[in-house]
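Inspection log for the structure reproduced underneath, given as structure tokens.
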Amino acid sequence: MKPGSVSHPLRVAIIGSGPSGFYAAEHLLKQKDLTVEVDMFDRLPTPFGLVRGGVAPDHQKIKTVTKVYEKTAEHPGFRFYGHVEFGRDITREDIGRLYHAVIYATGAQTDRQLGVPGEDLPGSHPATEFVAWYNGHPDFRDCYFDLSQESVAVIGVGNVAMDVARILARSLDELHQTDIAEHALQALEKSRVRTITIIGRRGPVQAAFTNPEIKELGELQDTDVVAFPEDLELDPASEAIIGAGEDKVAAKNLEYLHEFAARTPGGRKHRIVLRFLFSPVEIIGKNRVEAIRLVRNELILDESGRLTAHPTDQFETIPVGLVFRSVGYRGVELPGVPFNHSWGTIPHHAGRVMTHVPEGERVVGDYVVGWIKRGPSGVIGTNKPDSIETVNALLEDLEAGQVLTPATPERTELEALLKERGVRWVTFDDWRRLDALEQAIGAEMGRPRVKLTTVDEMLAALGARPEAEPVGD
């Protein structure tokens, strides 16, 4: 019998609970004339992935997207299993016995390397770690960043680089109005950081930050923003792009940058300096970061029509005591799942997992969405059409009878397995209790929320699960 009836529902596991996973769940559960059960797993007790652990704490409005995901979680066919790790608590082999399909939605959890000498010196950090630290991610709760340093370099000109610079430059009054992790707030209260230099290897037209992100830098309470006119001079190809109106985002970014270049610094507490057409060639220091050596680049149009950065013979050294590398995210390999190490993604065709691309074999029942599918590109909303594409592929395969044939496709079997393995899973109702607790603590301190930042304190706040608790939420 083809799965999808009331008596024989289509059972789908989703590994990861960020936006792409929730958009996939939403599209599955809204199918008419098809009964679907979605079980969503996350290694952490908390859902929402980078919305909780990656979106900057001073961007509260963006985080309201979770209201859409909460509606999906209310569907009777949906269950959340937090604090359940794929590959440890539940394996791909288990999936084959319990589900008709699995969707990997694990995102891009680590950073790309610069590949320069000195990159691993103390004081040189992936921006991903700093972001996770100030957002209260349990894995990074105990990271240390030497904020006694007065000068910091941020390598990269995407939105994450802007977030890092902005959090370092925010006034304490501004930070107290956010849900930044309490340990990070206390560390930033003692920060001696004064100058933050943001470095991009290509020109301002090629910068990846969005208009709101660059505009926001210029609105910080106690920060001067500096741009140099010579760094904003455009090569002929970039000039043509702006002149033709081909890239309105870049044109607006350039407008903001010229406005910064025209400002007279006001002697404020912090200074953000934007540099373009420079690449790091070495991070200098004996026992820790002391400076960063840069090479000036020029943009050259290659045969494919892409502007690429080429080093010149001009160098510059900037004294810094701290470096944050923000040159892209990479996915992490999952146990028993194909992985493209060159791209940091799961190989696929339209969301169907392949052993490799372009000529690999299809892995029946396995699908992928989000950054682990396409790489770290786009904004939160970009994940919705991406997830719909994958779910539509799954539904086509269901119609064609090309899904898994599990022996025991029932939630009772899953939960019996988790209990047997001693897994204390967290339900969505459990998460709501944690959510309410964090907001209550925050309200007492005049903040949106104060996050619980260790798994132990989350589980302790929830207490032991009663033995008589019914299956599911």
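Pairing each residue of region 405-425 that is on the phi < 0 side of the Ramachandran plot and hydroxyl-bearing (Ser, Thr, Tyr) with any residue that is surrounded by fewer than 16 Cβ atoms within 10 Å (Cβ to Cβ) and not in a helix (DSSP H, G or I), provided the two are 6+ apart or on different chains, yields C-beta distances under 8 Å for THR412/VAL471.
Any residue in region 368-375 that is farther than 29 Å from HIS8 by Cβ, assigned by TED's automatic domain parsing to the domain that holds HIS27 and surrounded by fewer than 16 Cβ atoms within 10 Å (Cβ to Cβ)? Scanning region 368-375, I find no residue that is farther than 29 Å from HIS8 by Cβ, assigned by TED's automatic domain parsing to the domain that holds HIS27 and surrounded by fewer than 16 Cβ atoms within 10 Å (Cβ to Cβ), so the answer is no.
Here the condition is being surrounded by fewer than 17 Cβ atoms within 10 Å (Cβ to Cβ), more than 23 Å from ASP94 (Cβ to Cβ) and modelled with pLDDT of 95 or more; of PRO76, PRO57, it holds for PRO76 alone. The criterion of at least 3 residues that are of a type in the set (Val, Ile, Thr) is met by the following strands (runs of 3 or more DSSP E) wholly inside region 294-362: 307-319. The combined condition, being buried (at least 23 other Cβ atoms within 10 Å of the Cβ) and among the hydrophobic types (A, V, I, L, M, F, W, C), is not fulfilled by LEU121. Kindly check whether there is at least one residue in region 300-308 that is modelled with pLDDT of 95 or more and of a type in the set (S, T, N, Q). No, every residue in region 300-308 fails to be modelled with pLDDT of 95 or more and of a type in the set (S, T, N, Q).
ALA127 meets all of the listed conditions (1) without any contact (Cβ under 8 Å) to a residue 24 or more places away in the chain; (2) within 21 Å of TRP343 (Cβ to Cβ) but one, namely (1). The residue that is farthest from ASP435 (Cα to Cα), counting only those in region 1-49 that are under 16 Å from the mean Cα position of the chain (by Cα) and aliphatic (A, V, I, L, M), is ILE15.
Filtered by the rule that a residue be surrounded by 12 or more Cβ atoms within 10 Å (Cβ to Cβ) and at pLDDT 95 or above, region 458-473 gives MET458, LEU459, ALA461, LEU462. Would you point out the residue of region 403-453, among those that are part of a helix (DSSP H, G or I) and among the polar types (S, T, N, Q), that is nearest to PHE78 (Cα to Cα)? That would be THR412. Filtering ILE380, ILE388 for residues that are hydrophobic (A, V, I, L, M, F, W, C), in contact with a helix residue (DSSP H, G or I) (Cβ under 7 Å, 6 or more places away or on another chain), at pLDDT below 95 and surrounded by fewer than 20 Cβ atoms within 10 Å (Cβ to Cβ) leaves a single hit, ILE380. Flag not set for GLY360, criterion: modelled with pLDDT under 95 and at positive phi. Exactly one residue out of VAL205, VAL193, VAL160, VAL131 is in a helix (DSSP H, G or I), over 20 Å from the mean Cα position of the chain (by Cα) and buried (at least 19 other Cβ atoms within 10 Å of the Cβ), and it is VAL205. Is it fair to say GLY96 is out of contact with any strand residue (DSSP E or B) (no Cβ under 9 Å at 6 or more places or on another chain) and over 18 Å from ARG330 (Cα atoms)? Taking the combined requirement at face value, the residue does not satisfy it.
Inspection of region 105-115 finds a residue satisfying the criterion of being surrounded by fewer than 24 Cβ atoms within 10 Å (Cβ to Cβ) and either at pLDDT 95 or above or among the hydroxyl-bearing types (Ser, Thr, Tyr) (or both). The set of residues from region 54-101 being among the acidic types (Asp, Glu), closer than 21 Å to LEU44 by Cα and assigned to a loop (DSSP other than H, G, I, E, B) comprises GLU74, GLU85, ASP89.
The values are calculated or read from the model by the stated rules, or taken from the named source; none is laboratory data. Only a predicted model underlies this, so the values are computations on that prediction, with no experimental measurement involved. Backbone-built Cβ (ideal geometry, glycine too); neighbour counts: all protein chains shown.
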